[in-house]
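**Q** Pasting a structure below so you can have a look.
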Amino acid sequence: MQPATLSALIALVREHTGIAMSDRKSVLLERRLRPRMLALDIASYQGYVQRVRDDDAEVAHFIDLVTTNDTLFFRTQHVWDYVEREFLPRWWRAHPDRTLTVWSAAASSGEELYSLAMLCDQFAAHAPGFRYRILGTDISRQILAQAGAGDYAGRSVERLLASHPDWVAKYFTARGDSLRVVDALKRHVTLAQHNLLKPLRPPSPFTHQQFDLVFLRNVLFYFDQEHQQAVLQQVRHSMAPQARLILGESESITGLDTAWQFERPLIYTLDKPPS
Ligand SMILES: C[S@@+](CC[C@H](N)C(=O)[O-])C[C@H]1O[C@@H](n2cnc3c(N)ncnc32)[C@H](O)[C@@H]1O
């Protein structure tokens, strides 16, 4: 790929997703874009750049191809221990008459939000009347369609089978070589396409709602500092008082946006955290 074409592609990635790619990503971009170019009968990368510029319908495909969607059930276990043992009991004591609302803000194929749904369902067994709703958003429509299907196989379920065999039996049904999330969990979940750099217009039933818990995990590190600040500003508007923001492994926003208070590694609040 010519350096000028690579620069144009990197600029398009930033324009449409906010993701900051270095020019060391040329092999990755070539590998991901090549099959699409073949399908469209476009012979050169410059030709594909032009297609993305000219054709709004191609932008969605482009976004699907340039985003990285790695995820797992119960990724970073200590975060889930915190949600299960501290966040949910404390939230429920403070709000016994409300519905817990959670936003999985870079939901990818859904493992994160179904992990949470399983925890909430388990919690509800000991907290009669506990209700919850989860909004899952991602910029990639293709990966959200996978989250909606809720079909998982391979590495995604191997670890879950090993760690939570009883939950797999309860919350999944076998479909050939894969496992499908049961409707009883799916009905707590709403999915919507959303670019984190834009204001969130929550779909029903979240309209005008602020979230009690926001998962913003393993996505900030794709952005440069300017876009990280912009995303955090957007997310702030969607947080209820006392809400918690959860980041991904090794991510930190300390020093990036002074409105956030550090509660413990990966967990932040806009209010003074409990002492
Ligand atoms: C590595 S996955 C993280 C999935 C999950 N949160 C986790 O921690 O396992 C990153 C996700 O961020 C999404 N993403 C990238 N840029 C985005 C943007 N500007 N707005 C919303 N989602 C974005 C990608 O499509 C991808 O699914």
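Every number in this text was worked out from the coordinates using simple rules, so none of it is lab data. Please read these numbers as outputs of a predicted model, since none were measured by experiment. A quick note on method: Cβ atoms are made from the backbone with ideal geometry, for glycine too, and the neighbour counts reach across all protein chains shown.
**Q** Of all trypsin sites (Lys or Arg not before Pro) in segment 157-200, which ones are in loop regions per DSSP and have a Cβ with at most 11 other Cβ atoms within 10 Å?
**A** Numbers: sites: R159, K170, R175, R180, K186, R187; in loops: R187.
Here the sparse-neighbourhood loop sites are R187.
**Q** Another one. When Rg is the radius of gyration of the Cα atoms in segment 3-66 and Rh is its Kirkwood radius, what does Rg/Rh come to? Numbers along the way, then the final one.
**A** On the way: Rg = 10.5 Å, Rh = 11.6 Å.
Ratio of gyration radius to Kirkwood radius for segment 3-66: 0.91.
**Q** Please identify which residues in segment 211-235 have an amide N closer than 15 Å to a label point set 7 Å out from the Cα of R24, following the Cα→Cβ vector.
**A** Answer for this model: 222.
**Q** Continuing with the same structure: Taking θ = phi - 60°, what integer Hz values does the Karplus form 6.51 cos²θ - 1.76 cosθ + 1.60 yield along segment 157-174, in sequence order, with x for Gly and Pro?
**A** 9, 4, 5, 5, 4, 6, 8, 9, x, 5, 6, 4, 5, 7, 10, 9, 10, 6
**Q** As a test of the definition: which semi-axes, in Å, follow for segment 67-143 when you take the square root of five times each eigenvalue of its alpha carbon gyration tensor? Largest first, please.
**A** After scaling each eigenvalue by five and taking roots: 25, 14, 9 Å.
**Q** Quick one: 3J(HN,Hα) in Hz for segment 54-59, Karplus 6.51/-1.76/1.60 with θ = phi - 60°, rounded, Gly and Pro as x.
**A** The phi angles translate into 8, 10, 4, 5, 6, 4 Hz.
**Q** Continuing with the same structure: Restricting to the chain, compute how many DSSP beta bridges are antiparallel as a %, nearest 5. Mind showing how you got there, number by number?
**A** On the way: 13 of 32 bridges.
Once the DSSP bridges in the chain are tallied, antiparallel ones form about 40 percent.
**Q** Something else about it: For the chain, what is the per residue volume of the convex hull drawn over the alpha-carbon atoms, in cubic angstrom?
**A** Values: hull volume 38.9 nm³, N = 275.
Once divided by residue count, the hull of the chain is 141 Å³.
**Q** Report the local net charge at I139: Lys and Arg +1, Asp and Glu -1, summed over other residues whose C-beta lies under 11 Å from its C-beta.
**A** Residues near I139 contribute 0 overall.
**Q** Using amide H atoms built 1.01 Å from N in the peptide plane, name the residues 5+ places from M239, or on other chains, whose amide H lies under 5 Å from its own.
**A** Under 5 Å from the amide H of M239: F211.
**Q** Roughly how many Å is it from the Cα centre of segment 221-270 to that of segment 20-83, as a whole number?
**A** The distance from the Cα centre of segment 221-270 to that of segment 20-83 comes to 25 Å.
**Q** For segment 81-121, how big is the tail of P(r) above 13 Å, as a whole percent of Cα pairs?
**A** Numbers: 480 of 820 pairs.
Tail fraction, whole percent: 59.
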